[in-house]
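A.B. asks: Supplied in structure tokens, the structure appears directly below.
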Amino acid sequence: MFCPNCGSKNSIEQNFCRGCGLKLDAIVEAVSNQFPSKEYADLQRRKERFQRIGVACLSIAGIVGFSMLLFKAAQYKLELLGPNVLFFSAGGALIVFLLLSVFFFNYPLDSKTTKRNTREADDPPSAPITAKLIDDRPFEPASSVTEDTTEMLKVRSSRRD
């Protein structure tokens, strides 16, 4: 079950959300009729398990078929050209793939990133100096709204003489 407040995943048995601490009891009761039945949940788990086993069996069958194809190709090569040619061609393939692996491990994917990283390693950015005080700027007082209005206001007396 996902928390409606923060979206973190929680189990049905939890009383409070692990992400935000929201009380989940009332929410579980409100959505309890939306949960699948135990039989349906077991059926779904079984279906997923069978799908994973099917994918594993298909992968193994592909590996066996590919190895059979390689074996047959090696057998024909051995019959046509002899055992020395097979050995030297395997050695040549080993050298080619080793060189390719070295190339791909050392190939920069983004030249901007590598240039930036080497520049940062050579010239570290200058950090601002924090040991000195901030220079005080000259203070110029701003004019006030009440400036030049310090005289008392004339008040009408409510008393008549």
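The values are calculated or read from the model by the stated rules, or taken from the named source; none is laboratory data. Note that the coordinates shown come from a computational prediction; the quantities given were computed from them, not determined experimentally. Note that we place each Cβ from the backbone using ideal geometry, even for glycine, and neighbour counts take in every protein chain shown.
A.B. asks: State whether the residues of the range 59-66 include one that is surrounded by 10 or more Cβ atoms within 10 Å (Cβ to Cβ), free of Cβ contacts under 8 Å to residues at least 40 places away in the same chain, among the aromatic types (Phe, Trp, Tyr) and under 30 Å from ASN5 (Cα atoms).
C.D. replies: Scanning the range 59-66 turns up no residue that is surrounded by 10 or more Cβ atoms within 10 Å (Cβ to Cβ), free of Cβ contacts under 8 Å to residues at least 40 places away in the same chain, among the aromatic types (Phe, Trp, Tyr) and under 30 Å from ASN5 (Cα atoms).
A.B. asks: Write out, first by first residue and then by second, each pair whose Cβ atoms fall under 6 Å of each other, whose residues are 6+ apart or on separate chains, and whose first residue, in the range 1-23, is under 20 Å from PRO36 (Cα atoms) while the second is of a type in the set (Phe, Trp, Tyr).
C.D. replies: From the range 1-23, the pairs are LYS9/PHE2.
A.B. asks: Take the conditions touching a helix residue (DSSP H, G or I) at 6+ places or on another chain (Cβ under 6 Å), at pLDDT below 75 and part of a loop (DSSP other than H, G, I, E, B) and apply them to PRO141. Does it pass?
C.D. replies: Values: touching a helix residue (DSSP H, G or I) at 6+ places or on another chain (Cβ under 6 Å): no; at pLDDT below 75: yes; part of a loop (DSSP other than H, G, I, E, B): yes.
Answer is no for this residue.
A.B. asks: Specify the residue that is modelled with the lowest pLDDT; the eligible residues are those in the range 7-56 that are loosely packed, with under 11 Cβ neighbours inside 10 Å and part of a loop (DSSP other than H, G, I, E, B).
C.D. replies: PRO36
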